[in-house]
Structures are given as C-alpha cells and as structure tokens.
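Read through the structure below, which is laid out as structure tokens, and then see the notes.
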Amino acid sequence: MSVTPRAEIATLPAYKPGRNPADLAAELGLAGAMKLASNEVAFPPLPSVVAAVAEAATEMNRYPDNGAVHLTAALAERYGLDPGQLAVGCGSVSLCQQLLQAYAGPGDDVIFAWRSFEAYPLLVTVSGARPVMVPLKERFDHDLDAMAEAITDRTRVVFVCNPNNPTGTAIHREPLNAFLDRVPDHVLVVLDEAYREFVTDPDVPDALSMLDGRRNVCVLRTFSKAYGLAGLRVGYLAAADPAVAEAVRKTYVPFSVSTVAQVAAVASLAAEDELLARCKEVVAERERVIAALREIGVDVPDSQTNFVWLPLGEATMDFARTGEGRGIIVRPFAGDGARVTIGTPAENDAFLGLAAEVVQAGR
Ligand SMILES: Cc1ncc(COP(=O)(O)O)c(C=O)c1O
C-alpha cells in the first residue's frame with residue numbers, strides 16, 4: 001500500500017508555474033519579456049527600503065521576531081488600531097489560509113464570489129471545508145444578495161474581494177453595509193483589500209473604517225502590490241474583534257515572515273507618501289489602457305485596481321498564447337478572460353498593440 005494524501009488534496013490540480021520572463025525572452029531571442037501576469041508594480045524598490053533590507057540582511061543568522069512586534073506597532077499607529085487587532089502573515093494569502101484553519105473545517109461552508117481570487121477555492125478545499133461559489137453578476141459585480149442568501153448554519157466564513165481580482169470591479173459603501181447588516185454573527189466576513197491603494201472611486205469604502213460595531217468583520221491588506229514588496233511576502237489582517245486576530249496568530253507558521261520582510265514593511269510605511277504617489281501613475285495608466293481597449297471594441301469593465309480584465313471568453317487562451325509569442329505574459333483564465341497588469345507606459349503600449357492586432361485578426 002502506498003501513502004495517500006487526504007482525498008480533497010488528491011483532487012486539487014498540481015501547481016503549474018507561470019512563464020518566467022527571462023526564460024521566455026531567451027527562448028524568443030528577445031532582450032526581455034514583459035510580465036503582466038501577477039499584479040506587481042513595475043517600479044523598482046525605493047532606495048530607503050533597499051537600505052533597510054540590506055542592513056537587516058546582516059542578521060540573517062537569527063530567526064525573525066515571531067510576533068512582528070515593530071511592524072505590528074507601526075501598523076497600529078498608522079491605522080489607529082489596537083495592536084491586538086492585528087496579525088501579520090507571510091503574504092495575505094497566508095492569512096487567508098490561517099483564517100480558514102482557525103475558523104473552518106470539514107462539514108463547514110465558505111462562501112465567495114466567482115470568479116474571484118484564484119486561491120480561495122484551493123485554500124478552502126485544503127481546509128476541508130466546502131467552497132460555495134456565487135457567480136458574479138453580468139457586469140462582473142458581486143451578487144451580494146445571492147451571497148447573503150447562500151448563508152446557512154454551516155457557513156463559517158465569507159470572503160469579499162473588494163476590488164475584485166481578476167475583474168477589477170468594486171463594491172460601493174451602501175450595498176456593502178447592507179450586506180454586512182444581513183450576515184449573521186456566527187459568520188466571519190473577510191474583506192480582502194489587496195488592491196485598496198489603487199481605488200479612486202470615493203464610493204468604494206475603506207474597509208478599515210467599517211470595523212466599528214461589527215465584531216465578525218476583518219480586513220486583509222498586503223505589502224505585495226502598492227508597496228512593491230511582492231518578493232518579500234508580508235501582509236496583515238485587521239480585525240474588529242481582537243479574538244479573531246488572536247485565533248489567526250495561533251495558526252501562524254512560526255517565523256514565516258522574515259526579518260527583511262518585516263523591516264521592509266516598516267520602511268515602506270515610513271515612505272508611504274512616495275509609494276502612494278507612484279500608485280497615482282499606475283491609476284493614470286490604467287485609465288489610459290481602459291480607454292484605448294474600449295476604443296478598439298474590447299468590453300473592459302471599470303477597474304479600481306492595477307490590472308484590467310478582458311472578457312474574451314473562448315478566445316482567451318489564443319490571446320495569451322499570441323502574447324507569449326511576443327514576449328508579453330498575461331494571466332489567462334480559460335474560457336473566461338485574461339487579466340493584464342498595468343506595467344510601465346512602454347509595456348502598456350506593447351500590450352495595447354497586441355490587443356489591437358488580435359482584435360483586428362478576429363474581425
Ligand atoms: C485579492 C487578493 N488577495 C490576496 C492576495 C495575496 O497577496 P499576497 O499573498 O502577495 O499578500 C492577492 C494576490 O494576488 C490577491 O489578488
């Protein structure tokens with residue numbers, strides 16, 4: 001008899017790495033390839049952050065601070081929260097996993113919209129709970145009424161990705177408040193705001209301002225996107241109820257947020273003005289890209305993130321393959337659409353050229 005994983009793990013697809021831009025460029029004989037697939041920012045790290053990391057690297061013979069005390073204190077001060085309401089994790093995706101480990105298991109349901117962040121169904125399945133996927137509405141908005149109606153006695157957690165990955169669409173304050181009012185106290189609502197810093201619509205609420213009086217709500221944020229630290233893996237959770245943050249801290253993989261990640265996050269908070277100014281450049285490019293795509297007839301929804309969604313349906317994989325052949329790596333979701341990260345102006349121009357060509361060829 002051979003060893004066998006749990007049945008739900010055996011059914012999961014094996015991890016398939018995306019194309020590495022250096023390898024792709026070498027294969028195509030190009031000077032470089034463009035990675036517009038993972039919603040990173042194209043800017044290099046700030047010199048002040050690199051200096052903090054270089055200094056911290058001299059201590060890599062030591063384990064990191066397991067409680068991320070300095071980073072937690074900096075976040076508490078920045079957002080006017082009690083440190084007990086915070087949990088730091090190895091990227092916010094780890095915090096999703098920790099939340100599920102703490103709150104859901106076999107026999108439980110976890111609700112989220114679909115299509116949404118591709119890790120949700122995988123992480124829910126790993127936890128042993130059942131993913132309950134509620135289709136987005138026609139224009140890619142969350143169907144909050146249907147999500148509220150899907151809640152039962154078995155429901156433990158609801159993820160609300162705002163703005164939504166991969167569609168870029170965002171929920172407004174009023175419907176979100178109405179939804180939260182409908183969610184029973186036994187259900188934890190996780191407001192995943194990985195792209196919060198790119199939001200420009202004033203009607204899209206900052207979830208950290210919605211915690212008061214709602215003990216079953218928590219917010220996920222990350223340093224991977226706007227703060228440019230995707231490679232260091234650090235994110236945080238802010239919970240209305242300190243007991244939620246405590247439960248999440250209990251499921252932390254010990255020492256999984258490195259010293260360099262903690263130090264870089266603290267330095268990034270100190271350089272926040274500079275980093276957020278760069279987000280404005282991304283937003284300006286986002287609007288330029290959306291307008292150009294609409295001009296050539298691609299029905300792109302508004303985006304409040306650093307990426308755009310091309311609902312290409314069955315043409316999606318061909319589009320991604322053609323892009324790859326030109327050294328442009330996007331993120332396709334077969335049969336559905338492609339998510340394309342806003343890059344540098346030159347990268348965006350290259351992507352728009354590709355889109356125009358593919359659209360014209362399809363006419
Ligand atoms: C909606 C959403 N949540 C969470 C994450 C996880 O980000 P990280 O683990 O890098 O913090 C991502 C990353 O793409 C995301 O899109």
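FYI, it's all coordinate maths here, none of it is from the lab. Computed from a predicted structure; not experimentally measured. Ideal geometry is used to build each Cβ from the backbone, glycine not excepted, and the neighbour counts take in all protein chains shown.
Quick notes on this structure:
- When each of LYS35/LYS280; LYS35/LYS250; LYS250/LYS280; LYS137/LYS250 is checked by Cα-Cα distance, pairs over 30 Å: LYS35/LYS250; LYS250/LYS280; LYS137/LYS250
- Dipole axis of the range 47-270 (+1 Lys, Arg; -1 Asp, Glu on Cβ), positive-most option in ALA57, LEU229, PRO121: ALA57
- Value of relative contact order over the chain, rounded to a whole percent, pairs C-alpha under 8 Å and six or more apart: 23
- Stretching the chain fully between ASP201 and ALA243 yields a gain of 11.9 nm (0.36 nm per residue, less the alpha carbon separation).
- Shown is the FRET efficiency for LEU28 and GLN360, computed with R0 = 22 Å from the Cβ-Cβ distance and rounded to the nearest 0.05: 0.50.
- Computed lengthening from ASN61 to THR4, 0.36 nm per intervening residue step minus Cα-Cα distance: 16.9 nm
- Put the Cα centre of the range 156-178 next to the Cα centre of the range 1-76 and the gap is 26 Å.
- The range 254-363: proportion of alpha-carbon pairs further apart than 16 angstrom, %: 63
- Separation in nanometres of the label points that stand 7 Å from Cα toward Cβ, at GLU77 and TRP114: 4.5
- The simple spin-label model puts a point 7 Å past each Cα toward its Cβ; for ALA54 and ASN177 those points are separated by 4.9 nm.
- DSSP bridge orientation in the range 47-270 - percent antiparallel, rounded to nearest 5: 30
- Paramagnetic reach from ARG321 in the range 1-42 [backbone N under 17 Å; point 7 Å along Cα→Cβ]: 19
- Secondary-structure-derived ellipticity at 222 nm for the chain, considering helices only, amounts to -12000 deg cm²/dmol, per-run term -39500 (n - 2.57) for DSSP H runs with n ≥ 4.
- Each listed q (0.06, 0.08, 0.10 Å⁻¹) maps to a log10 I(q)/I(0) for the chain from the Debye sum over equal C-alpha point scatterers, namely -0.22, -0.41, -0.65.
- With K and R counted +1 and D and E -1, the other residues having a Cβ less than 9 Å from that of ASP108 yield a net charge of +2.
- Basic side chains Lys and Arg get +1 at the Cβ, acidic Asp and Glu get -1 at the Cβ, and with that the dipole of the chain about its Cα centre reaches some 780 debye.
- Here each label is just a point 7 Å from Cα along the line to Cβ, and for SER38 and LYS137 those points are 3.4 nm apart.
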